[in-house]
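For reference, the structure discussed in these notes is given below.
The values are calculated or read from the model by the stated rules, or taken from the named source; none is laboratory data. Given the structure is predicted, the values throughout are model-derived calculations rather than measurements. Glycine gets a Cβ as well: all are built from the backbone with ideal geometry, and neighbour counts include every protein chain shown. The protein model used for the area step is the full one, side chains on, heavy atoms only, and it has no ligands, DNA or RNA in it. Shrake-Rupley method; radii C 1.70, N 1.55, O 1.52, S 1.80 Å.
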Amino acid sequence: MDSEDDMHDANDVESMDDDEGFYSDEMGMDYYGSDDDIDVDFGEDNEGIKRIEASRAENNFIILKESDIKQRQEEDITSVSTVLSISRAASSILLRYYNWSVSEVHEAWFANEDKVRKTFGLLKKPVVQLPSSRELTCGICFEAFHRGSIRSAACGHPFCCACWEGYIRTSISDGPGCLILRCPDPSCGAAVGQDMIAMLVSDEDNRKYSRYLLRSYIEDNKKTKWCPAPGCEYAVNFVGDDENYDVSCLCSYGFCWNCTEEAHRPVDCGTVSKWIMKNSAESENMNWILANSKPCPKCKRPIEKNQGCMHMTCTPPCKFEFCWLCLGAWSDHGERTGGFYACNRYEAAKQEGVYDETERRREMAKNSLERYTHYYERWASNQLSRQKALADLHQMRTVHMEKLSDIQREPESQLKFITDAWQQIVECRRVLKWTYAYGYYLPEHEQAKRQFFEYLQGEAESGLERLHQCAEKELQQFLSADGPSKEFIDFHTKLAGLTGVTKNYFENLVSALENGLSDVDSQAACSGSSSKNGGSSKAKGGKGKGTSRVGGSSKNVDSTVENNSRPVENKSIMEVALLV
């Protein structure tokens, strides 16, 4: 966490039942004065890269439309062509090989131009001198053609237009490999550029080639990637550092630039990979089988017992009858061994330790399965809640905003605080979802960190539920009202304040988890030193700060708002968590 005060921002408000409003007017004004309220105009007057850069200047990425990609690609080709004094087709070939890095092309070219030309088939002069006769023989079909029907690459090898067309069309049909097309002569490595391809093939094949070339600009470039959302055609140019890989596309899909999975802060890419693999692997199925079934003593097929007595009968064709407890043949059992609901043989063998290893393995598998199920169910539940919130956000934008604007007689631009709240709910659901994957892989022996993590997670859930309730339920009365309501101003202040505080708390939560909860160790050391000195921990006095305390098993923090003019004693959230 950045500071104790940051963690207490969620406690700077009065209880939900306060008729005076949940947040002060100053809190609301601070929120609306933030950078998050920049209204981005997506109109036609601000097309392309400038529009995106202006609206997302604070981010580590730039969203590119197809027109933006084409513009950048053309600029790079023109730049290389101008500096190196070569054709645009040759420039395109070089950029393709150097992953569309203009600087790398320049560096390699000026270091050794002849080597570059030889490597990539950019010949200075033909290697074959054609005779001056009126007819030439095609090197593929070996038919004689008029000189005007013969075409050659830079190497000079002659081929008729029909053979060229078939050769190029087949290459384009095979996929992006057509971008590195060479002369059809097996012994020749001369490159075939886009200018020659455009001259020889149909418009449809030309469009396919151009499409492959456009896609290569994104897929071969180290700093650009396609948005992985289904159906999305935007690309992302990453211009940030290696600390924050979160990217949010204009299609509203958020993903991690590093691993292209959905955005997963505060969990690192390695943990996400392990978690996704675990969710799709068969290991948990085997754990369930081990924890809830026993193998038939005869055919070894797993059998689950969900009710009834200890007399088990395997399914056909085995049909072996045995005792569930000791796995012995049922023919050896009866009243003398305990009847249908007990087994003396099992109890005696258990006391001798015969089943200790088997029972230990079953217990370990059961505990592991229960722990995994606990985290997975909550991970999946928050995913469903996030999807529901996204649907509610869409409905708010497309239906409710216009209706609310008419009822309250306010422009939709003044109601943006509502969509901001729903966007924050969606983001918080995402963060909260991944905290369960974080918690699953948090080492069991680090009790202090686990305790602190569970406390922070509980407080995050509590704060998010308050925001969600306000945005969903408390808004309904204004949607069903007949006209403007004075209470709407209080609702405005309350929802805006809740949104700001929740955002701040979740940002601090993400920061703490990304730092590995490193504050726990230092805080524990400080607490130990303070207790030796018999002192108490004091927090900074400040406006609106209350004493945090944990009550009951829910671990909710109650906030008591004191007089703004008096400093208030306040334990840090770290100390409270460590005492729980």
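Things to note:
- Any hit, region 347-357, residues being open to solvent by 90 Å² or more (accessible area, probe 1.4 Å), at pLDDT 75 or above and either farther than 30 Å from ASN258 by Cα or not hydroxyl-bearing (Ser, Thr, Tyr) (or both): no
- Residue check for TYR98: farther than 17 Å from ASP195 by Cα, of a type in the set (Ser, Thr, Tyr) and open to solvent by 40 Å² or more (accessible area, probe 1.4 Å): yes
- Residue match in region 429-437 (condition: over 18 Å from SER511 (Cα atoms) and not aliphatic (A, V, I, L, M)): no
- Residue in region 297-318 that is nearest to LYS366 (Cα to Cα), counting only those that are touching a strand residue (DSSP E or B) at 6+ places or on another chain (Cβ under 6 Å) and of a type outside the set (Val, Ile, Thr): GLU304
Condition check ((1) open to solvent by 20 Å² or more (accessible area, probe 1.4 Å); (2) outside any strand (DSSP E or B)) across all residues:
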{"site": "TYR209", "(1), (2)": "no, yes"}
{"site": "ARG215", "(1), (2)": "yes, yes"}
{"site": "LYS225", "(1), (2)": "yes, no"}
{"site": "PRO230", "(1), (2)": "yes, yes"}
{"site": "GLU233", "(1), (2)": "yes, yes"}
{"site": "PRO266", "(1), (2)": "no, yes"}
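- Region 289-306: number of residues that are within 21 Å of SER331 (Cα to Cα) and modelled with pLDDT under 75: 1
- Just one of the numbered conditions (1) part of a helix (DSSP H, G or I); (2) within 26 Å of THR373 (Cβ to Cβ); (3) open to solvent by less than 30 Å² (accessible area, probe 1.4 Å) is not true of GLU454: (3).
- Qualifying residue in region 105-117 (condition: open to solvent by 40 Å² or more (accessible area, probe 1.4 Å), of a type in the set (Lys, Arg) and within 30 Å of GLY240 (Cβ to Cβ)): no
- Residue that is farthest from the chain's Cα centre (by Cα), among those in region 427-445 that are without any contact (Cβ under 8 Å) to a residue 40 or more places away in the chain and open to solvent by 20 Å² or more (accessible area, probe 1.4 Å): HIS445
- Residue in region 514-526 that is modelled with pLDDT of 85 or more and within 22 Å of ALA389 (Cβ to Cβ) present: no
- Those helices (runs of 4 or more DSSP H) of region 72-126 in which at least 3 residues are under 34 Å from the mean Cα position of the chain (by Cα), considering only elements entirely within it, cover 88-97, 102-111.
- Qualifying residue in region 464-474 (condition: closer than 30 Å to TYR372 by Cβ, surrounded by fewer than 16 Cβ atoms within 10 Å (Cβ to Cβ) and at pLDDT 90 or above): yes
- Applying a threshold of 8 Å to beta carbon distances and a minimum spacing of six or more residues, or different chains, the list of pairs starting in region 80-109 at a residue that is on the phi > 0 side of the Ramachandran plot and ending at one that is open to solvent by 20 Å² or more (accessible area, probe 1.4 Å) reads ASN99/ASP220; ASN99/ASN221; ASN99/LYS222; TRP100/ASP76; TRP100/ASP220; TRP100/ASN221.
- Options GLU204, GLU135; residue that is surrounded by fewer than 20 Cβ atoms within 10 Å (Cβ to Cβ), acidic (Asp, Glu) and modelled with pLDDT of 90 or more: GLU204
- Criterion (touching a residue at least 40 places away in the same chain (Cβ under 8 Å), part of a loop (DSSP other than H, G, I, E, B) and either open to solvent by less than 30 Å² (accessible area, probe 1.4 Å) or of a type in the set (A, V, I, L, M, F, W, C) (or both)) met by exactly one of CYS141, CYS188: CYS188
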